[in-house]
Amino acid sequence: MRARIGLGAALLALPVMSPAMALEPFAVVGDAIPAPLGGLDGDVRRGEALVRDRERGNCLICHQGADPSEPFQGSIGPPLAGVGARLDAGQIRLRLVDASLLNPQTVMPPYFRTDNLQDVAPSFRGKPALSAQEIEDVVSYLATLRAE
Amino acid sequence: MAAIGFVVALACLILQTSGVLAEIRSGSDFLSPELRRQQADETRNPGFFWVEQGRELFTRKPAGEGQACIGCHAQPQQSLRSAATRYPQIDAAAGRLLNLEGRIEQCRVERQGQPAFGYETPELLSLTAYLASLSRGLPMQVRTDGPAQPFYEAGKAFFERRQGQLNLSCQQCHDGLVGQKLRGDTISHGAGTGYPAYRLEWNDVGSLHRRLRACSLGVRATQFEAGGPEYLALELYLASRATGLPVETPAMRR
């Protein structure tokens with residue numbers, strides 16, 4: 001079926017298809033998303049790198065992370081040290097995916113949402129800030145931060 | 001009794017107004033003491049090179065028939081003192097909102113018969129920095145009523161609306177999070193009263209609109225054109241929020 005769509009049709013279909021790039025579906029239970037997105041396994045080391053990374057996750061722009069030697073950490077969100085003791089993996093996942101589901105006024109950006117956003121820069125349009133795999137990596141890492 | 005009531009009401013009103021004024025603080029208040037000292041020292045603040053260049057351009061006769069700016073604006077220290085405090089403003093003839101850059105370009109094209117410098121060119125930045133420096137220390141006082149009102153409303157709506165992939169509004173940072181650390185920066189009220197400013201990150205002087213583009217990029221939102229209608233309206237709103245704050249151009253920023 002797919003192979004038979006002509007080039008013209010494929011080009012025409014592109015602008016319609018790209019914003020609708022479907023995100024892995026998830027189910028909210030209480031204040032958590034208990035099941036991993038897309039059934040993926042997270043990687044703790046990749047998650048740690050994402051949280052620190054200044055382009056991709058850039059979480060430390062707002063949060064104090066678990067490593068006090070990291071220079072210039074933010075003071076806007078709660079410190080991430082101990083978050084794995086305060087919240088379970090499903091609760092952390094929901095707060096990364098879309099914290100506004102809990103607090104409509106939240107400053108915490110939605111990392112896995114593409115709808116209801118305005119004036120998104122062209123290069124980020126139609127894409128979530130983090131992929132399902134990246135969310136799972138970060139969830140795995142944060143879940144290990146049990147000490148305050 | 002009534003008189004006492006009146007006096008009390010008046011006192012409350014004064015307290016309230018001064019409360020509002022005290023609420024919005026200059027970006028300079030959030031700088032390190034060292035950077036603030038450097039900003040205040042004309043020999044160590046690089047922004048004053050641009051002011052000097054602007055002063056020179058102001059007296060330079062353009063090619064052809066046109067006059068120098070000083071031909072129309074004699075004694076700018078007096079005649080243009082406080083001009084910057086009233087921008088952006090509506091140009092009555094065109095019905096357009098002009099900021100200081102826009103007014104300079106208008107004079108250049110319509111009165112000097114020269115091609116526009118272009119936003120963010122060294123010439124326009126220098127002239128803007130020079131003219132704004134003539135208002136140093138004077139309180140901002142833009143008009144937001146009458147024909148300016150729709151622009152003010154548009155700027156306010158822009159300021160309050162969440163935007164970008166990170167879904168943040170200007171207001172969330174510059175009202176709600178003032179004083180908090182965003183990496184190495186301390187978030188201010190976003191008053192913008194020191195622009196054009198010398199930013200260490202740019203290693204250069206830049207316009208307020210260039211700074212706005214940086215904030216838009218920060219939340220991964222569309223960066224609007226410098227000098228375009230979106231940031232002009234926003235500039236009017238920021239200036240009205242900054243009513244009463246002194247002009248500090250050329251400021252220094254991180």
_Residue ID - farthest from B:V247 (Cα to Cα), chosen from residues in the range B:59-85 that are charged (D, E, K, R) and touching a helix residue (DSSP H, G or I) at 6+ places or on another chain (Cβ under 9 Å)_ = B:K61
*Which one is nearest to A:F26 (Cα to Cα), of the residues in the range A:111-148 that are open to solvent by 40 Å² or more (accessible area, probe 1.4 Å) and away from chain B (no Cβ under 14 Å)?*
A:Q133
*Before we move on, is A:G8 more than 30 Å from B:H174 (Cα to Cα), at pLDDT below 90 and not basic (K, R)?*
yes
*Check the range B:117-128 and report whether any residue there is open to solvent by 50 Å² or more (accessible area, probe 1.4 Å) and touching a Gly at 6+ places or on another chain (Cβ under 8 Å).*
yes
*May I ask you to list the residues in the range A:29-65 that are among the β-branched types (V, I, T), within 14 Å of another protein chain (Cβ to nearest Cβ) and within 14 Å of the chain's Cα centre (by Cα)?*
A:V51
*Could you list, in sequence order, the residues of the range A:112-148 that are under 18 Å from A:D41 (Cβ atoms) and part of a helix (DSSP H, G or I)?*
A:A132, A:Q133, A:E134, A:I135, A:E136, A:D137, A:V138, A:V139, A:S140, A:Y141, A:L142, A:A143
_Cβ-Cβ under 6 Å, sequence separation 6+ or interchain: first residue in the range B:202-226 and facing chain A (nearest Cβ under 9 Å) and touching a residue at least 24 places away in the same chain (Cβ under 8 Å), partner in a loop (DSSP other than H, G, I, E, B) and open to solvent by 30 Å² or more (accessible area, probe 1.4 Å). Which pairs?_
B:S216/B:Q223; B:A221/A:D119; B:T222/A:D119
*Return only the number of the condition from (1) within 14 Å of chain A (Cβ to nearest Cβ); (2) open to solvent by 40 Å² or more (accessible area, probe 1.4 Å) that B:G164 does not satisfy.*
(2)
*So which of B:A148, B:A242, B:A157 ends up being touching a residue at least 40 places away in the same chain (Cβ under 8 Å) and either more than 26 Å from B:L127 (Cα to Cα) or under 14 Å from the mean Cα position of the chain (by Cα) (or both)?*
B:A242
*Take the residues in the range A:98-110 that are in a loop (DSSP other than H, G, I, E, B) and among the polar types (S, T, N, Q), then tell me which one is farthest from the other protein chains (Cβ to nearest Cβ).*
A:N103
*Go through the range B:139-159 and give me each residue that's loosely packed, with under 15 Cβ neighbours inside 10 Å and under 27 Å from B:Y198 (Cα atoms).*
B:Q141
*Which of the residues belonging to the range B:171-185 are in contact with a Lys or Arg (Cβ under 7 Å, 6 or more places away or on another chain) and under 15 Å from A:M108 (Cα atoms)?*
none
*Tell me, please, whether a residue that is over 24 Å from B:F30 (Cα atoms), part of a helix (DSSP H, G or I) and either without any contact (Cβ under 8 Å) to a residue 40 or more places away in the chain or not hydroxyl-bearing (S, T, Y) (or both) can be found in the range B:131-144.*
yes
*Only residues in the range B:173-186 that are facing chain A (nearest Cβ under 8 Å) count as the first member; pair them with residues that are among the aromatic types (F, W, Y), Cβ under 7 angstrom, at least 6 apart or cross-chain, and list the lot.*
B:R183/A:F72; B:G184/A:F72
_Can you tell me how many residues within the range A:85-104 are touching a residue at least 60 places away in the same chain (Cβ under 8 Å) and closer than 12 Å to A:V28 by Cα?_
7
*State whether the residues of the range B:226-249 include one that is of a type in the set (K, R) and either crowded, with 18+ Cβ neighbours inside 10 Å or more than 29 Å from A:N116 (Cβ to Cβ) (or both).*
yes
*Name the pairs whose Cβ atoms lie under 9 Å apart, with the first residue in the range A:67-84 and at positive phi, the second part of a helix (DSSP H, G or I) and open to solvent by 40 Å² or more (accessible area, probe 1.4 Å), and 6 or more positions between them or separate chains?*
A:F72/A:I61
*asked:* Name the residue that is nearest to the other protein chains (Cβ to nearest Cβ), counting only residues in the range B:227-254 that are in a helix (DSSP H, G or I) and either aliphatic (A, V, I, L, M) or at positive phi (or both).
replied: B:L234
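The values are calculated or read from the model by the stated rules, or taken from the named source; none is laboratory data. The structure displayed is predicted, hence computed values, not measured ones. Reconstructed Cβ throughout: ideal geometry from the backbone, glycine too, with neighbour counts over all protein chains shown. Each accessible area value is taken on the protein alone, full model and side chains, heavy atoms only, with ligands, DNA and RNA left out. Shrake-Rupley method; radii C 1.70, N 1.55, O 1.52, S 1.80 Å.
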